[in-house]
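Beneath this line is the structure, given in structure tokens, with notes to follow.
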Amino acid sequence: MSNKEISQAVVSRLPRYYRYLGDLRDEGIERISSQELSQMMHVTASQIRQDFNHFGGFGQQGYGYNVEYLYTEIAKILGLDTIHDMVLVGAGNLGSALVKYMNFRRRGFVFKAAFDIRKDLEGKEISGITVHSMDDLKDYVEQEQIDIAVLCIPKQEAVKVADLLAQTNIKAIWNFAHVDLHVPPRIQVENVHLSDSLMRLSYNIRQYEEGQETLPEQN
């Protein structure tokens, strides 16, 4: 089965598998069964086997999964066996926090530069990367062959910046602006709407509380 036929639901679970396998690897655990992984992750063993079978299975009957091998193979599937150069657009609090998060670099996502409309930020550094003028964004992305642009700017500006980036060789946009971007199909977009996540959390709180209220009283 080609990767194009694999559902986004399966793809969305791969980073979690990768994270758990990384922890097992760090603990020196060499192999694990789907049942043991199921108990750790609260995903059925059947689901785990089905997910892995999309990519060839990886396991051996009576042995389970080799942790190091599976960790490495999932890294390849996720494209983590290469370096992805990134630029930050919007060097405010959120953008600066993302640049400072070292796990991105460990995973191969490397910030090369930042860009901001504010003149007072030009030339300053955030964790070793320099903040440039927005006027330089297009040329920098093209000349440095940047893979990913991270947008931490208001939604009105995000639309304009996305249109600008569509004129470059950018491969993907990680969008924290609360707006859906329309770019050519060759540019992959991952939208991160933080407020949506909080609203889902609020919904689940309400559902739990209402469920508790309807439980019969204990004598």
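The values are calculated or read from the model by the stated rules, or taken from the named source; none is laboratory data. All of these numbers come straight from a predicted model, not from anything done at the bench. Methodologically, a virtual Cβ is constructed for each residue, glycine included, from the backbone with ideal geometry; neighbour enumeration extends over all protein chains shown. Remember, those area values only see protein heavy atoms, side chains included, never the ligands or the DNA or RNA. Shrake-Rupley method; radii C 1.70, N 1.55, O 1.52, S 1.80 Å.
Observations on the model:
- Degrees between helix 155-165 axis and first principal axis of the chain (Cα, 0 to 90, nearest 10): 80 degrees
- Selection from 134, 150, 161 lying farthest towards where the dipole of region 79-167 points positive, charges on Cβ: 150
- Tilt relative to the chain, helix 8-26 - C-alpha long axis, 0 to 90 degrees, to 10: 80 degrees
- Across all directions, the average flat footprint of the convex hull enclosing the Cα atoms of region 143-186 is 2.9 nm².
- Lys, Arg +1 and Asp, Glu -1 on Cβ, resulting dipole of region 112-219 about Cα centre, debye, nearest 20: 220 debye
- Scaling the Cα radius of gyration of region 1-106 by the globular reference 2.2 N^0.38 Å produces a ratio of 1.24.
- Estimated translational D of region 100-139 in µm²/s (Stokes, Kirkwood radius over Cα pairs; 4 °C; 1.567 mPa s): 119 µm²/s
- Remark: the chain carries a charge dipole of roughly 260 debye about the Cα centre, counting +1 on each Lys and Arg Cβ and -1 on each Asp and Glu Cβ.
- Within the accessible area of region 129-172 (1.4 Å probe), percent carbon and sulfur: 45 percent
- Share of Cα-Cα pairs in the chain lying beyond 34 Å, as whole percent: 31 percent
- Taken per residue, the accessible surface of the chain reaches 63 Å², heavy atoms only and a 1.4 Å probe.
- In region 139-219, the C-alpha radius of gyration followed by the widest Cα-Cα span (Dmax) gives 20.1, 73 angstrom.
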